[in-house]
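The values are calculated or read from the model by the stated rules, or taken from the named source; none is laboratory data. Please read all numbers here as calculations on a predicted model, not as lab measurements. As a convention, Cβ positions derive from the backbone with ideal geometry for all residues, glycine included, and neighbour counts pool all protein chains shown. Remember, those area values only see protein heavy atoms, side chains included, never the ligands or the DNA or RNA. Shrake-Rupley method; radii C 1.70, N 1.55, O 1.52, S 1.80 Å.
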Amino acid sequence: MDPHSILLRNASFPSLPGLHDVALHSGRIAAIRPVQDAAPGRNTDEVYDLDGRFVLPGLWDNHVHFTQWVIRQQRLDLTGTGSAADVLALVAAAIPTGTAGEPLVGFGFRDALWPDSPTRAGLDAVSGTTPVVLISADLHCLWVNTAAVRTLGITGADGGLVREAECFRTLEKLEDPDAISFEAYRRAAEAAARRGVVGIVDFENADNLQLWPERVRHGVDALRVEVSVWPDRLAGAIELGVKTGDVLDGRGLITMGPLKVIVDGSLNTRTAWCWDPYPGLPAGRKHSCGQNTVPMHELRMLMAAARDAGIGAAIHAIGDRANTEVLDTFEELGMTGVIEHAQLVREADFARFEELGLAASVQPEHAMDDRDVADMFWPGRTERAFALASLHRAGANLQLGSDAPVAPLDPWFALASAVSRSRDGREPWHPEQCVPAEVALAASTRGRSGVQVGEAADLAVTEMNPLTTPGEQLRTMPVSATLLGGRFTWSGL
């Protein structure tokens, strides 16, 4: 029946007393009335009694690499390893199950604190002629063997590790989005919907403008998706005439997002571009303060071209020097946009986010993954690392995400880390950088402080109040239903 009407009866709201009825019509929120004032649900196609469950705006993950998240399940899981020896044992056990000639791909190692070093010789010894490519958890480094170097044409891998640009080029060779079934994408999107997710910003380095509308046509329709373009595809997007915010599919689920540029590396790989050198790097290691992976003059040209074409900019900056330089570039161009990650920021730079109208797209779960690495490699600076509270107090527009597959595509993880700075029973790390639950929730719902009449009916229904649930319990928040434009993408009601 079209237009379609749904009545959600006896709904609670996180910040309002009493129970309410929420009427949805033609994909939008038509009315919200206290239960005692509500009229019976006549002329309503469907009525659901929420029995006091909480209705809130649907959640967004503002930083995802969706294809890599989908194919993570097909890769050798290295996330539980604590040494090079651990990884080599897993590779040795997995080699006999591989098909001859096909690379064995693993994901999730973090070598920054290992007691031993990953080497090409060590990997060769357990892998033989099978090409092996092991992807670090931060996606900025590969550990490869000789067979992979030869098969994939990898350069700069003399010691076995490949970082930054060559890492990204190799990942592109390994990943063929067309080889992944639409069913796999559909399952991943529906799994996100089961956690209350209604939308993602996809930073996959792929032809997203073409791929995502095609996925929707094949039933991958549980999420809204903002798609990005990387520098090598910017000219094509400009030639097509698409602008940020333009709808790219017939159902209105896919919209054009920003230009994505990566200007430095990562903390775990010790390539984040900082003002101070990293302590304890191996002798002869280049770039003691990290790497500037895109020269600033080139960044300015890319951002100016995007700006002039009506395309926004989302710039990856992790180290404090990278953040300073990117802030300078936004200021020079008179341009607003997003800084992705903003993991280490100089005290003088926090206020510039608000002054320049910039959003800080941050991943709170990374602080829990990297707290020990930060203590070792950013000593004396961690009070301004993953500094959500400092960014918030300075007026930055916070946007929370996962960077999946670096962290799980589950905004409740980000919420939990943002409000508690703790995980796995450990003491909070720099608890002064916790943010209030209402701030974290707004940063996970595109700034929506609540459900408003007239808005699209993109909603999540939870068993508990996210504003009063203790931080660690947020990780397992029971989600009863998710609606996208008034359509259930998940229901356990």
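When you scan segment 159-188, how many residues do you find that are under 15 Å from PHE107 (Cα atoms), at pLDDT 90 or above and either out of contact with any His (no Cβ under 9 Å at 6 or more places or on another chain) or not charged (D, E, K, R) (or both)?
Total satisfying the criteria: 6.
Out of curiosity, is ALA359 small (Gly, Ala, Ser), under 21 Å from SER266 (Cα atoms), open to solvent by less than 60 Å² (accessible area, probe 1.4 Å) and touching a Phe, Trp or Tyr at 6+ places or on another chain (Cβ under 6 Å)? Walk me through it before giving the result.
On the way: small (Gly, Ala, Ser): yes; under 21 Å from SER266 (Cα atoms): yes; open to solvent by less than 60 Å² (accessible area, probe 1.4 Å): yes; touching a Phe, Trp or Tyr at 6+ places or on another chain (Cβ under 6 Å): no.
It is false that ALA359 is small (Gly, Ala, Ser), under 21 Å from SER266 (Cα atoms), open to solvent by less than 60 Å² (accessible area, probe 1.4 Å) and touching a Phe, Trp or Tyr at 6+ places or on another chain (Cβ under 6 Å).
In segment 438-474, what count of residues is obtained for those that are touching a helix residue (DSSP H, G or I) at 6+ places or on another chain (Cβ under 7 Å) and either surrounded by fewer than 19 Cβ atoms within 10 Å (Cβ to Cβ) or hydroxyl-bearing (Ser, Thr, Tyr) (or both)?
Qualifying residue count, segment 438-474: 6.
Only one of these is aliphatic (A, V, I, L, M) and under 21 Å from VAL326 (Cα atoms): VAL247, VAL227, VAL261. Name it. I'd like the intermediate steps shown before the answer.
Details: VAL247 fails: under 21 Å from VAL326 (Cα atoms); VAL227 fails: under 21 Å from VAL326 (Cα atoms).
So the residue among VAL247, VAL227, VAL261 that is aliphatic (A, V, I, L, M) and under 21 Å from VAL326 (Cα atoms) is VAL261.
Would you confirm whether or not segment 58-66 contains a residue that is open to solvent by 20 Å² or more (accessible area, probe 1.4 Å) and at pLDDT below 95? Steps first, please.
Restricting attention to segment 58-66, the residues satisfying the condition of being open to solvent by 20 Å² or more (accessible area, probe 1.4 Å) are 60.
Cutting the leftovers down to at pLDDT below 95 gives us none.
No, because not a single residue in segment 58-66 is open to solvent by 20 Å² or more (accessible area, probe 1.4 Å) and at pLDDT below 95.
Are there any pairs with C-beta distances below 7 angstrom linking a residue in segment 117-141 that is among the β-branched types (Val, Ile, Thr) to a residue that is open to solvent by less than 30 Å² (accessible area, probe 1.4 Å) and in a loop (DSSP other than H, G, I, E, B), with the two at least 6 apart or on different chains, and if so which?
As it stands, the answer is THR119/GLY160; VAL132/ASN145, since those pairs meet every condition given.
Give SER402, SER417 a once-over and let me know the one that is in contact with a strand residue (DSSP E or B) (Cβ under 7 Å, 6 or more places away or on another chain), among the hydroxyl-bearing types (Ser, Thr, Tyr) and surrounded by 23 or more Cβ atoms within 10 Å (Cβ to Cβ).
On the way: SER417 fails: in contact with a strand residue (DSSP E or B) (Cβ under 7 Å, 6 or more places away or on another chain).
Criteria check complete, one pass: SER402.
Output the qualifying pairs, or none if there are none: Cβ atoms under 8 angstrom, residues six or more apart or on different chains, first residue in segment 287-302 and in contact (Cβ under 8 Å) with a residue 24 or more places away in the chain and hydroxyl-bearing (Ser, Thr, Tyr), second residue in a helix (DSSP H, G or I) and crowded, with 18+ Cβ neighbours inside 10 Å.
THR293/GLU164
Just one of LEU134, LEU113, LEU171, LEU139 is open to solvent by 30 Å² or more (accessible area, probe 1.4 Å) and among the hydrophobic types (A, V, I, L, M, F, W, C); which is it? So that I can check it myself, show each step before the final result.
On the way: LEU134 fails: open to solvent by 30 Å² or more (accessible area, probe 1.4 Å); LEU171 fails: open to solvent by 30 Å² or more (accessible area, probe 1.4 Å); LEU139 fails: open to solvent by 30 Å² or more (accessible area, probe 1.4 Å).
When all the criteria are applied, what remains is LEU113.
Which ones in segment 243-293 are charged (D, E, K, R), in a loop (DSSP other than H, G, I, E, B) and crowded, with 19+ Cβ neighbours inside 10 Å? Show your work before the answer.
Start the filter on segment 243-293 by keeping residues that are charged (D, E, K, R), which leaves 243, 246, 249, 251, 260, 264, 270, 276, 285-286.
Within this subset, residues satisfying the condition of being in a loop (DSSP other than H, G, I, E, B) are 243, 246, 249, 251, 270, 276, 285-286.
Of everything in segment 243-293, just one residue is charged (D, E, K, R), in a loop (DSSP other than H, G, I, E, B) and crowded, with 19+ Cβ neighbours inside 10 Å, namely ARG270.
Looking only at segment 307-320, which residues are under 22 Å from the mean Cα position of the chain (by Cα) and part of a helix (DSSP H, G or I)?
Within segment 307-320, the first condition is being under 22 Å from the mean Cα position of the chain (by Cα), and the residues that meet it are 311-320.
ASP320 - this is the single residue of segment 307-320 that is under 22 Å from the mean Cα position of the chain (by Cα) and part of a helix (DSSP H, G or I).
In segment 200-215, which residues are open to solvent by less than 10 Å² (accessible area, probe 1.4 Å), without any contact (Cβ under 8 Å) to a residue 40 or more places away in the chain and not polar (S, T, N, Q)?
If the condition is that a residue be open to solvent by less than 10 Å² (accessible area, probe 1.4 Å), without any contact (Cβ under 8 Å) to a residue 40 or more places away in the chain and not polar (S, T, N, Q), then ARG215 is the only one that fits.
Tally up the residues in segment 174-199 that are within 30 Å of PRO118 (Cβ to Cβ) and surrounded by fewer than 22 Cβ atoms within 10 Å (Cβ to Cβ), please.
Going residue by residue through segment 174-199, those that are within 30 Å of PRO118 (Cβ to Cβ) are 174-177, 179-180, 184, 188.
Right, trim to surrounded by fewer than 22 Cβ atoms within 10 Å (Cβ to Cβ) and you get 174-177, 179-180, 184.
Summing the residues that are within 30 Å of PRO118 (Cβ to Cβ) and surrounded by fewer than 22 Cβ atoms within 10 Å (Cβ to Cβ) in segment 174-199 gives 7.
Quick one: how many residues across segment 50-90 are of a type in the set (Asp, Glu) and either under 13 Å from ALA404 (Cβ atoms) or touching a residue at least 60 places away in the same chain (Cβ under 8 Å) (or both)? Before you say what the answer is, go through the steps one by one.
Narrowing segment 50-90 to residues of a type in the set (Asp, Glu): 51, 61, 77, 86.
Narrowing further to those that are either under 13 Å from ALA404 (Cβ atoms) or touching a residue at least 60 places away in the same chain (Cβ under 8 Å) (or both): 61.
The number of residues fulfilling the criteria is 1.
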